[in-house]
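S.K.: Once you've had a glance at the structure underneath, I'll fire off some questions.
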Amino acid sequence: MAAVHGDVHDHGHDDHHPTGISRWLTTTNHKDIGTMYLWFSLAMFFTGGFLAMGIRAELFQPGIQILEPELFNSFTTLHGLIMVFGAIMPAFVGFANWQVPMMIGAPDMAFARMNLWSFWLLPIAATLLVSSFFVPGGAAAGGWTFYPPLSTQGGLGVDMMIFAVHILGASSIMGAINIITTILNMRAPGMKLMDMPLFVWTWLITAYLLVLVMPVLAGTVTMLLTDRHFGTSFFNAAGGGDPVLFQHIFWFFGHPEVYIMILPSFGIVSEVIPTFSRKPLFGYSSMVYATASIAILSCVVWAHHMFTAGMPTVAQLFFMYATMLIAVPTGVKVFNWTATMWQGAMSFETPMLFAIGFIFLFVIGGFSGVICAIVPIDIQVQDTYYVIAHFHYVLVSGSLFALFAGAYYWIPKWTGRMYDEKLGKLHFWLSMIFFNLTFFVQHFLGLAGMPRRIPDYALQFADFNMISSIGAFGFGLSQVLFVYIMIKTIRSGEKAPEKPWDGATTLEWTHLPTPAPYHSFEKPPVFKPTVH
Amino acid sequence: MLSRAKIRDNLTMMKKLLIFSIVMFVFGYAMVPFYEKFCEVAGINNLLQPDKMVKDMEVDEERLVTVEFDANVRGLPWDFKPLQRSVKFHPGETIEVMYEITNHLDREITGQAIPSYTPRYLDKHLRKFECFCFTRQVLKPKETRVMPVQFVIEPTLPSHLHTLTISYTFFELPVGAKAVSEK
């Protein structure tokens with residue numbers, strides 16, 4: 001994309017910053033904040049993972065063994081909330097903090113102090129969520145979608161969850177405003193919008209989706225809160241409210257939300273695939289337009305989450321066709337990635353393995369999504385393990401695998417050290433095998449009618465559940481290996497070459513030394529676009 | 001360091017985006033009346049409005065359906081019961097049944113009844129001309145009241161349906177709250 005020029009060693013001076021704990025508490029440096037976002041989301045990933053292990057341990061055999069039903073419900077609820085709002089979303093914001101300024105040639109984020117705020121809100125929200133397990137009545141247990149009437153009942157744990165969602169929403173909105181302003185106002189001179197790397201493009205569109213729907217979620221939980229404590233009746237049938245209304249408002253936020261979690265991963269994959277295929281990305285502009293169409297379509301399909309809630313046939317048909325339409329721009333993307341690899345000089349380092357694994361498994365999740373979009377089938381699989389399998393294929397082997405690809409891809413630039421390639425590949429293959437072991441069989445369980453969010457099941461589901469649980473334990477353990485690889489890289493990894501990936505063309509590889517200096521691009525780089 | 005012009009540009013952008021976020025927050029609330037209006041216009045969820053009387057509705061003498069009546073209260077110290085458990089009749093016949101409510105408390109209580117039908121899409125074939133659920137009910141201390149429901153099951157009812165259930169649940173209306181039927 002950008003041609004290499006200018007002296008790579010132009011920067012690297014002026015590396016002074018406070019040291020020790022005060023560096024981390026008061027820093028407004030985009031790289032430090034990015035690092036904190038990533039560590040935070042890793043911690044939350046393991047917290048949510050612990051809950052997942054609890055769920056799978058309970059489901060290892062039929063019957064109730066280790067979790068009482070109430071606690072099991074809290075586990076599934078908090079697993080979802082923590083993974084969505086605590087792990088996946090902050091991890092992508094962490095990547096945006098590190099990468100967006102470096103990829104567009106900006107010295108920092110537009111609002112450095114607001115950046116600090118949006119990070120430090122996260123630990124507060126996480127504390128609220130996790131500590132709600134220890135209050136009377138326990139944590140929220142009505143599912144991560146907190147539908148009323150379950151969420152208008154419930155104890156203190158539900159209020160803590162509501163406040164946590166408020167805080168997380170505020171953090172996301174501030175983060176999104178920061179990212180949009182940075183991208184629109186602070187690009188290197190000469191870099192037009194259509195010259196931006198795709199990771200930046202996908203984040204720009206994601207950030208717009210965030211300011212579009214996060215305030216609606218904030219409104220929804222506010223209504224819930226006033227229903228619970230201040231006598232309003234938005235969702236309370238007794239006072240003339242309507243619980244189905246909640247589902248409509250929630251999913252107006254909730255469906256764009258799933259694209260908020262996948263679009264940045266499209267961006268990461270669109271950086272990794274060309275680098276390791278040593279070819280420019282095929283169909284750059286169609287990638288941009290596909291991303292934008294997915295974002296727009298995502299706002300008009302929300303009711304496909306509630307086909308069984310009661311809706312006129314015309315509405316069901318509209319939401320069914322609109323949902324299936326999303327497969328078109330998504331298909332364009334998959335085609336472009338494949339065409340980028342076509343006849344490329346490919347090599348298969350860990351980031352590339354995760355990116356290819358992403359394409360392969362995300363497509364499976366995409367197809368099961370089209371299947372779920374079909375109304376009569378959806379009525380059959382609603383609230384079953386088929387849906388669980390579907391969204392874990394797009395969220396774990398989609399978002400999470402892309403995050404792994406990004407982490408391995410950029411860790412040399414961030415730390416100046418290389419990860420252990422052998423261990424990285426081992427991490428990929430273990431994740432790949434155990435992931436499929438966990439979730440593929442859940443398709444069968446769902447088709448056979450096993451309902452989600454229930455701690456016990458009928459005997460005919462026993463074998464597949466045991467396989468799934470074994471896969472889940474293996475997948476969980478494999479992620480400990482990821483932490484080991486990352487810590488080993490940071491502490492004692494081999495020194496990374498200036499440009500470890502010879503196919504990389506974005507500014508952070510061509511215009512900055514490795515590791516990236518604490519302050520980069522204080523003088524904007526000279527950017528010369530190449531033809532796409 | 002950022003130039004002063006750049007900082008000003010950035011702040012303008014932040015203001016615009018913040019305003020946009022606030023607009024979207026308000027939009028979330030605006031969806032509440034929007035949905036109510038939408039359902040009213042589209043005739044969805046229209047359980048609390050009387051249907052128009054139809055003269056000379058054809059009566060299907062060929063078959064009989066049984067309608068069972070059910071009554072519940074939630075959070076109310078009321079007795080609420082239908083005076084007949086079930087009625088057997090021909091589709092197309094206009095039927096009137098009576099319900100009785102009694103307030104056992106020493107204070108005036110306002111309640112609203114919400115209907116629920118089984119099977120789920122019965123409302124497509126049910127026309128209700130009179131019902132205590134169309135308005136809120138205010139019961140004086142210790143008052144007992146007998147109230148009618150007048151309805152007809154249309155002959156369009158699918159022939160595999162023989163037993164139907166009409167159920168009502170009374171909820172207490174908080175003081176000052178608007179009843180569903182008055183919205």
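So that you can scan it fast, the table gives a plain yes or no per residue for (1) under 23 Å from the mean Cα position of the chain (by Cα); (2) aliphatic (A, V, I, L, M):
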{"position": "A:Ile82", "(1), (2)": "yes, yes"}
{"position": "A:Phe85", "(1), (2)": "yes, no"}
{"position": "A:Val100", "(1), (2)": "yes, yes"}
{"position": "A:Gly138", "(1), (2)": "no, no"}
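S.K.: Also, I was wondering about something else. Can you tell me which condition B:Ala30 does not meet? The list is (1) at pLDDT 85 or above; (2) of a type in the set (Gly, Ala, Ser); (3) within 15 Å of the chain's Cα centre (by Cα), and all the others hold.
M.R.: Only one criterion in (1) at pLDDT 85 or above; (2) of a type in the set (Gly, Ala, Ser); (3) within 15 Å of the chain's Cα centre (by Cα) is unmet by B:Ala30, namely (3).
S.K.: I would also like to ask the following. In the range A:192-203, what residues are over 21 Å from the mean Cα position of the chain (by Cα) and either without any contact (Cβ under 8 Å) to a residue 60 or more places away in the chain or surrounded by 24 or more Cβ atoms within 10 Å (Cβ to Cβ) (or both)? Before the answer, list the steps.
M.R.: Kept after step one, since they are over 21 Å from the mean Cα position of the chain (by Cα), are these residues of the range A:192-203: A:192-196.
A:Leu193 - this is the single residue of the range A:192-203 that is over 21 Å from the mean Cα position of the chain (by Cα) and either without any contact (Cβ under 8 Å) to a residue 60 or more places away in the chain or surrounded by 24 or more Cβ atoms within 10 Å (Cβ to Cβ) (or both).
S.K.: Here's something else I'd like to know. Given the structure, is A:Ile356 at pLDDT 95 or above, of a type outside the set (D, E, K, R) and buried (at least 21 other Cβ atoms within 10 Å of the Cβ)? It would help to see each step written out before you state the result.
M.R.: Numbers: at pLDDT 95 or above: yes; of a type outside the set (D, E, K, R): yes; buried (at least 21 other Cβ atoms within 10 Å of the Cβ): yes.
So A:Ile356 passes the test.
S.K.: Here is a follow-up. Residue by residue through the range A:40-76, note down the ones that are in contact with an Asp or Glu (Cβ under 9 Å, 6 or more places away or on another chain) and among the acidic types (Asp, Glu).
M.R.: Matches in the range A:40-76: A:Glu58 only.
S.K.: Residue check: is A:Glu58 surrounded by fewer than 19 Cβ atoms within 10 Å (Cβ to Cβ) and more than 24 Å from A:Thr182 (Cβ to Cβ)? Outline the logic, then answer.
M.R.: Working: surrounded by fewer than 19 Cβ atoms within 10 Å (Cβ to Cβ): no; more than 24 Å from A:Thr182 (Cβ to Cβ): yes.
No: the conditions fail for A:Glu58.
S.K.: Here's a follow-up. Do any residues in the range A:103-115 that are more than 9 Å from chain B (Cβ to nearest Cβ) and among the charged types (D, E, K, R) have Cβ atoms under 6 Å from those of residues that are open to solvent by 30 Å² or more (accessible area, probe 1.4 Å) and assigned to a loop (DSSP other than H, G, I, E, B), where the two are at least six apart or on different chains, and which pairs are they?
M.R.: Going by the 6 Å Cβ cut-off, the qualifying pairs are A:Arg113/A:Thr28.
S.K.: Out of the residues in the range A:99-146 that are part of a helix (DSSP H, G or I) and touching an Asp or Glu at 6+ places or on another chain (Cβ under 8 Å), state the one that is surrounded by the most Cβ atoms within 10 Å (Cβ to Cβ).
M.R.: So in the range A:99-146, the residues part of a helix (DSSP H, G or I) come out as A:99-104, A:112-134.
So of that shortlist, the ones also touching an Asp or Glu at 6+ places or on another chain (Cβ under 8 Å) come out as A:99, A:101-103.
Values: A:Gln99: 29, A:Pro101: 26, A:Met102: 25, A:Met103: 27.
The extreme case among them is A:Gln99.
S.K.: State yes or no: is B:Arg4 basic (Lys, Arg) and within 14 Å of chain A (Cβ to nearest Cβ)? Even if it seems obvious, please write down each step before you answer.
M.R.: Working: basic (Lys, Arg): yes; within 14 Å of chain A (Cβ to nearest Cβ): yes.
So B:Arg4 passes the test.
S.K.: Turning to a different aspect of this structure: Could you check the range A:214-240 and list, in sequence order, the residues that are at the interface with chain B (Cβ under 7 Å from one of its Cβ atoms) and open to solvent by less than 30 Å² (accessible area, probe 1.4 Å)? Please lay out each step first, then the result.
M.R.: First, the residues of the range A:214-240 that are at the interface with chain B (Cβ under 7 Å from one of its Cβ atoms): A:215-216, A:218-220, A:231, A:233-234, A:237-240.
Matches in the range A:214-240: A:Pro215, A:Val216, A:Ala218, A:Gly219, A:Thr220, A:Ser233, A:Ala238, A:Gly239, A:Gly240.
S.K.: Residues B:Ala42, B:Ala30: which one is touching a Pro at 6+ places or on another chain (Cβ under 9 Å), open to solvent by 40 Å² or more (accessible area, probe 1.4 Å), more than 30 Å from A:Arg113 (Cα to Cα) and among the small types (Gly, Ala, Ser)?
M.R.: Numbers: B:Ala30 fails: touching a Pro at 6+ places or on another chain (Cβ under 9 Å).
On inspection, the qualifying residue turns out to be B:Ala42.
Each row is one residue, and each column tells you yes or no for (1) out of contact with any His (no Cβ under 6 Å at 6 or more places or on another chain); (2) open to solvent by 30 Å² or more (accessible area, probe 1.4 Å); (3) over 23 Å from A:Asp242 (Cα atoms); (4) not in a strand (DSSP E or B).
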| residue | (1), (2), (3), (4) |
| --- | --- |
| B:Val67 | yes, no, yes, no |
| B:Ala71 | yes, no, no, no |
| B:Pro91 | yes, no, yes, yes |
| B:Leu105 | yes, yes, yes, yes |
| B:Pro115 | yes, no, no, no |
| B:Phe151 | yes, no, yes, no |
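S.K.: Here is a follow-up. Just to be sure, is A:Phe354 closer than 24 Å to A:Ile205 by Cα and touching a residue at least 40 places away in the same chain (Cβ under 8 Å)?
M.R.: Working: closer than 24 Å to A:Ile205 by Cα: yes; touching a residue at least 40 places away in the same chain (Cβ under 8 Å): yes.
Yes.
S.K.: Another question, then. Could you list, in sequence order, all residues of the range A:116-163 that are within 21 Å of A:Phe235 (Cα to Cα) and within 14 Å of another protein chain (Cβ to nearest Cβ)?
M.R.: A:Pro148, A:Pro149, A:Thr152, A:Gln153, listed by residue number.
S.K.: While we're here: When you check A:Phe266 against the structure, is it closer than 24 Å to A:Asp159 by Cα and surrounded by 24 or more Cβ atoms within 10 Å (Cβ to Cβ), yes or no? Quick ask: steps written out before the conclusion?
M.R.: Values: closer than 24 Å to A:Asp159 by Cα: no; surrounded by 24 or more Cβ atoms within 10 Å (Cβ to Cβ): yes.
So A:Phe266 does not fit the description; no.
S.K.: Moving to a separate point now. In this structure, does A:Ile490 turn out to be open to solvent by 70 Å² or more (accessible area, probe 1.4 Å), assigned to a helix (DSSP H, G or I) and in contact (Cβ under 8 Å) with a residue 24 or more places away in the chain?
M.R.: Working: open to solvent by 70 Å² or more (accessible area, probe 1.4 Å): yes; assigned to a helix (DSSP H, G or I): yes; in contact (Cβ under 8 Å) with a residue 24 or more places away in the chain: yes.
The answer is yes for A:Ile490.
The values are calculated or read from the model by the stated rules, or taken from the named source; none is laboratory data. Remember, predicted model here, so these are calculated numbers, not experimental data. In this analysis, Cβ positions are derived from the backbone assuming ideal geometry, glycine residues included, and neighbour counts consider all displayed protein chains. These accessible areas exclude ligands, DNA and RNA; they are computed on the full protein's heavy atoms, side chains included. Shrake-Rupley method; radii C 1.70, N 1.55, O 1.52, S 1.80 Å.
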